[in-house]
Every structure is written in structure tokens, then in C-alpha cells.
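Asks: There's a structure below that I have some questions on.
The values are calculated or read from the model by the stated rules, or taken from the named source; none is laboratory data. Keep in mind the model is a prediction, meaning the values are calculated, not measured. Cβ placement follows ideal geometry from the backbone for every residue including glycine, while neighbour counts extend to all protein chains displayed.
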Amino acid sequence: MADRVAIILAAGVSSRMNTQMAKVLHEVCGRPMLAYVLDACREVGVSKVYVVVGFAAAQVQERFGNGSDVVWVRQERQLGTAHAVLCCKEHLEDFECETLVLCGDGPLIRAETLRTLIEKHEGGQSAAILATAVLEDPTGYGRIVRDAYGNIQGIVEDSDCTKEQRAINEVNPSYYLFNNKVLFSALDRVRPDNVKGEYYLTDALSGIIATGHKVLAVTAVRPEEAMGVNSRAQLSAASKIMQRRVQQTLMENGVTIVDPDNTWIDARAQIGQDTVIEPFTYIHGEVEIGRSCRVGPFAYLREGTVLEDDVVLGVYTEVKNSTLSEGVRARHHSFIGDATVGRNVNVGAGSITANYDGRKVNRTQIGDNCYIGSGAVLIAPLELRAGSHVSAGTVVSQESIDKLGEKAESDVST
Ligand code: UD1
Ligand code: CA
């Protein structure tokens, strides 16, 4: 099998997003767009990924760190997608390999589609192969131009299309697989002869065809997977599609999502079998939920939440950076932040942990089988012994517990 590498283009300034941030760091269901593209490359077994960064490059590198399979390549001036690929020349030009070229702003990419490209490539003797998509509205995408026999002739960018070409609805989602040597020799010949005056990767492809090499275009990309994110509106549209995928996987794993349209679950969340997620629940961040839990309606789970099995969180309950052990009940209007809550603890309606003292965040530890009455305020840092009983409406601080002394320590009320 040929060695396979990938180049991901992520250097562009995103004027249409109107952002100071690198476009590929904008998040889709809690993860930066680039993370999904990297995942897809890894899933099809590339040995190295060359990520071309430029605008806000340091931000991107800092967020992703230095994976052993990632090589960061700088494109100092963003002169176009062909120029971006050319920045990898010193690393790759002498290689005999297959080179995938993908865009960092295409988070909906699926490894399955890349596999189709790889299979077709291995079967034929093509110099390049690209996966195309057929869209109802092709506006903004490069159009695939074919001859009368259906052979691909080239790609024309939206801004360079004639009226006839604009009507073509087969588009270029930017999923390419090249014979590496053919790619780099074609890139040298690309000129910025277009409306925008940029070096277009799509012209490299047209050049490869013009020099008599065999190039294949396979309609392998589903319309929903073709979307490149160039604007905030497209970011939210891509997020919606990704959210459907996240929920689909969870449902296949045995999670009940009562109303998928009114539920939002982070792509990093893990949820166990037979857990029920009620409507209007928002799960954000790396959250772990065990089996047979019931969450919501209107629950808000944030980064660092761990729910063990059989936990019930009800209406308007917010949990952050906390572990709730098996059997915990917090059915109404609670905030549990930076806490460790023991088994079978009952948190009454409206009870909260006061985890922030104005300067720092403090932890609360609640032992097994505690009963917290309604409307209690637990002022952190605080440790409640197992079996403690906190009366409704109590404000509990470590000091107040210490004053009660040993005798009354398990029956906290003021
Ligand atoms: C590109 C394709 C178009 C395709 C569409 C699919 C070209 C010329 N056009 O258009 O055919 O339909 O993607 O989404 O390739 N980038 C760099 N350096 C640069 C310029 C861009 O790294 O100098 C990166 C961008 O950060 C982005 C990607 O390349 O991740 C694509 O660039 P973008 O400007 O978004 O291209 P499109 O106009 O969407
Ligand atoms: Ca784009």
C-alpha cells in the first residue's frame, strides 16, 4: 500500500466570518472545525498531516499542541489555495506517496468518503481524484466542468463562471487525492489568472488534466457533507447537521433523546445506555453521563460534569465541574458547581453550592446519603459528612458546621 499523507489548508483570513480568530478554531458542537478534519485523516490511516497555518497561526498551534503525526507549515501571505499547498513543497516534493488535500473549514467531512476516494484511486491509475457533490444551490462553490462523455475537464470558481457554468450543480467540496509528484509539478505552473488574482488549487487540477493525465471525479460526497464554512450562518448550519450526527450516534448507543430538535449535546459528551435526555437540555463540554440517568427538562450540564449511574437531574438544574455519585437526585432549580456529591444524596429544590467567593472558586464535598433540604446555600469550601441532614433554608459554611461541634454535626440547621 502506498504511503499516504494529508495536507489541510487552514491559513486563510476569514473576511466573511468577520473574526479575529483563526476560522478553523470556530467551534461546531464544542470542537474546533479543524479537529473533525484531523479525525477523518487519522481514521483513514495517514502517516502525517501537514496543516498549513497563517492567519492567527499561533492560536491554532496552541490549541492543538504538537501531535506526533502533525507538521505545522507556515504560509506567511495568503495568496490562494494552490500557494498554500505549495508551502508544503520542502517537506513533500520528493515523496512517492498519495496526498490527500482537504480544507480545514469543512468539518462535516466523513472518513467514509475519504475511503471511497482511496479505493477508487488504488483501483485505477489516476494522477488525481476528487470527490464531488451535487447541490440544489451550488452558489459559492467551484463548479465541475465535464465534457460530452462525462469526463472531467476542470473546475471553475464561482466568481469566474460564465452564465452557463453557474448553472452547473455538481460542485467541488475540496476533497482531493493526488499522486504527490504530479501535484507538486502542477502547482509550479499555476498562475493567478482569475478575478480574485489568487493561486487556485483548482487550476492545478485543471493543469493536470490539460497535460494529459487521468483525473477522476466521483460523486461521492453527500450534499450535507459538502458544506464549507465561510460565514457565521454556515457555521450554525454546519453545527445543526453535526448535532444530528452526534444525537444519532447516541441513540444508536441506547440513549433516549425525547426531542432531538430541542436538545443540544456536545460532540465530546459520553452518555450511557438507557439514560433519558428530556427536552431543552443543553450539554456543553466534556461531560460524562452514566447509565439509566434522567436529565432535564431544562438541564444545563457544563464542562467537567460526571454523573454516575442512576442520577436524576430535573428542571433548571445546572452542574459544572462536579461528580455526582450513583443515585443522586437534584430535581428542581439547583446549581452544583465544583462539588463531589456522594451516593444517594438528595438535593432539595433551589439548593445551591456557593462555589465562588469573589476571588477564587472553592470545592464542596458532600458525603454519601446526605439530605439537603430546599433552598439551602452551601458555602464552599465545605465538607459535609456522610449522612448529614441540612434543614430547608439553611446557609451552611464550614465555620457554622465547626461551631455545631461533633454532637450535632450530622444535623445542620440554623
Ligand atoms: C474553495 C475551492 C472551491 C470549493 C470550496 C469548497 C479553491 C480555489 N476553491 O473555495 O472550489 O468549492 O473551497 O469549500 O480552492 N486557505 C489557505 N491559504 C490561502 C487561501 C485559503 O490556507 O491562501 C485555506 C482557507 O483557510 C480554507 C481553505 O483554504 O480553509 C479554502 O479557502 P477558502 O477561501 O475558504 O476557499 P473557497 O472560496 O471556499
Ligand atoms: Ca471555504
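Asks: So which of 160, 105 ends up being surrounded by 15 or more Cβ atoms within 10 Å (Cβ to Cβ), among the acidic types (Asp, Glu), within 11 Å of ligand 1 (Cβ to nearest atom) and over 31 Å from the mean Cα position of the chain (by Cα)? Before the answer, list the steps.
Replies: Working: 105 fails: over 31 Å from the mean Cα position of the chain (by Cα).
Just one listed residue meets the conditions, 160.
Asks: Enumerate the strands (runs of 3 or more DSSP E) found wholly within segment 44-133, keeping only those where 3 or more residues are within 18 Å of residue 187 (Cβ to Cβ) and within 16 Å of ligand 2 (Cβ to nearest atom).
Replies: 98-103
Asks: Could you tell me whether residue 127 is in contact (Cβ under 8 Å) with a residue 24 or more places away in the chain, within 30 Å of residue 94 (Cβ to Cβ) and either more than 16 Å from ligand 1 (Cβ to nearest atom) or in the same structural domain as residue 50 (by TED's automatic domain parsing) (or both)? Walk me through how you get there before you give the answer.
Replies: On the way: in contact (Cβ under 8 Å) with a residue 24 or more places away in the chain: yes; within 30 Å of residue 94 (Cβ to Cβ): yes; either more than 16 Å from ligand 1 (Cβ to nearest atom) or in the same structural domain as residue 50 (by TED's automatic domain parsing) (or both): yes.
It is true that residue 127 is in contact (Cβ under 8 Å) with a residue 24 or more places away in the chain, within 30 Å of residue 94 (Cβ to Cβ) and either more than 16 Å from ligand 1 (Cβ to nearest atom) or in the same structural domain as residue 50 (by TED's automatic domain parsing) (or both).
Asks: Scan segment 108-124 for residues that are within 16 Å of ligand 1 (Cβ to nearest atom), of a type in the set (A, V, I, L, M, F, W, C) and surrounded by fewer than 20 Cβ atoms within 10 Å (Cβ to Cβ) and report the count.
Replies: Summing the residues that are within 16 Å of ligand 1 (Cβ to nearest atom), of a type in the set (A, V, I, L, M, F, W, C) and surrounded by fewer than 20 Cβ atoms within 10 Å (Cβ to Cβ) in segment 108-124 gives 0.
Asks: Which ones in segment 256-282 are among the hydrophobic types (A, V, I, L, M, F, W, C) and either within 16 Å of residue 338 (Cα to Cα) or in contact with a Phe, Trp or Tyr (Cβ under 7 Å, 6 or more places away or on another chain) (or both)?
Replies: The answer is 264, 280.
Asks: For segment 212-219, does any single residue satisfy the condition of being away from ligand 2 (no atom under 16 Å from the Cβ) and farther than 22 Å from residue 4 by Cβ? Spell out how you get there, then give the answer.
Replies: Kept after step one, since they are away from ligand 2 (no atom under 16 Å from the Cβ), are these residues of segment 212-219: 212-219.
Within this subset, residues satisfying the condition of being farther than 22 Å from residue 4 by Cβ are 212, 219.
Yes: one or more hits.
Asks: Within segment 210-246, take every residue that is more than 15 Å from ligand 1 (Cβ to nearest atom) and without any contact (Cβ under 8 Å) to a residue 60 or more places away in the chain and give me the one that is surrounded by the fewest Cβ atoms within 10 Å (Cβ to Cβ).
Replies: Per the criteria, the residue is 212.
Asks: Then there's this: Restricting to segment 167-202, name every residue that is more than 32 Å from the chain's Cα centre (by Cα) and within 24 Å of residue 138 (Cβ to Cβ). Outline the logic, then answer.
Replies: Just the residues of segment 167-202 that are more than 32 Å from the chain's Cα centre (by Cα), to begin with: 167, 181-182, 185-186, 188-195, 197.
Result: 167, 190, 192, 193, 194, 195, 197.
Asks: Of the numbered conditions (1) within 28 Å of residue 3 (Cβ to Cβ); (2) without any contact (Cβ under 8 Å) to a residue 12 or more places away in the chain, residue 62 fails exactly one; give the number of that condition.
Replies: (1) is the only condition that residue 62 fails.
Asks: If the requirement is being of a type in the set (S, T, N, Q), in contact (Cβ under 8 Å) with a residue 60 or more places away in the chain and in contact with a helix residue (DSSP H, G or I) (Cβ under 8 Å, 6 or more places away or on another chain), which of these qualifies: 139, 116, 132, 202?
Replies: Only one candidate passes the filter, namely 202.
Asks: Here's another thing I want to ask about it. Is there any pair linking a residue in segment 387-414 that is under 15 Å from residue 373 (Cβ atoms) and at pLDDT 95 or above to one that is among the small types (Gly, Ala, Ser) and assigned to a helix (DSSP H, G or I), with Cβ under 9 Å and at least six apart or on different chains, and which?
Replies: The qualifying pairs are 394/400.
Asks: Go through (1) more than 16 Å from ligand 2 (Cβ to nearest atom); (2) within 30 Å of residue 128 (Cα to Cα); (3) in a helix (DSSP H, G or I); (4) not β-branched (Val, Ile, Thr) for residue 240 and report which single condition fails.
Replies: It is condition (2) that residue 240 fails.
Asks: For segment 32-73, name all the residues that are β-branched (Val, Ile, Thr) and farther than 22 Å from residue 111 by Cα.
Replies: Quick first cut of segment 32-73, residues β-branched (Val, Ile, Thr) only: 37, 44, 46, 49, 51-53, 60, 70-71, 73.
Those that are β-branched (Val, Ile, Thr) and farther than 22 Å from residue 111 by Cα: 53, 60, 73.
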